[in-house]
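Quick notes on the structure that follows.
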Amino acid sequence: KDNAFNNRKISTYLSIIHDIFIQDTESMSFNDNIMSSYQYFEELLLRHSVERPPNSIGIFSLSDVEKIIDYTNTSYYGFYQTYKFIFGYQMRLIAKQVLPNNIEYPNKSYII
């Protein structure tokens, strides 16, 4: 809103962020680093900033790209680990408590 982006630019930016978010949260490892995510972000942003049909289409200008990078660095990548933890793959551990030395108490029905 502050940058007066039109609907086409807003829609493209949200699609880029959605693609990155899906890639980051669907990866099976919590240790996937932020650099690979950021490189993918730069690749998608460049693809939408240069007019080279059919490989890319120029939607963003150079000043738009600078504003988008600044905004994304503070908004998305500033909370990257939080998003990864909350929405990412989570392994669940189920612990079962047993008595030491595997001692079992008899059922009450056996006691006379």
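The values are calculated or read from the model by the stated rules, or taken from the named source; none is laboratory data. Keep in mind it's a predicted model, so treat the numbers as computed, not measured. The accessibility values were calculated without ligands, DNA or RNA, using every heavy atom of the protein model including side chains. Shrake-Rupley method; radii C 1.70, N 1.55, O 1.52, S 1.80 Å.
Does the stretch 27-82 come out rounded, prolate or oblate by the C-alpha gyration tensor, with a ≥ b ≥ c the root eigenvalues, rounded set by a/c under 1.5 and, if not, prolate when a/b is larger than b/c and oblate if not? Because a/c hits 1.5 or more and a/b fails to exceed b/c, the stretch 27-82 counts as oblate. Ligands, DNA and RNA excluded, the heavy atoms of Leu62 present near 130 Å² of accessible surface to a 1.4 Å solvent probe.
Taking all protein chains as they are arranged and a probe of 1.4 Å, the heavy atoms of Ser15 leave approximately 60 Å² accessible to solvent.
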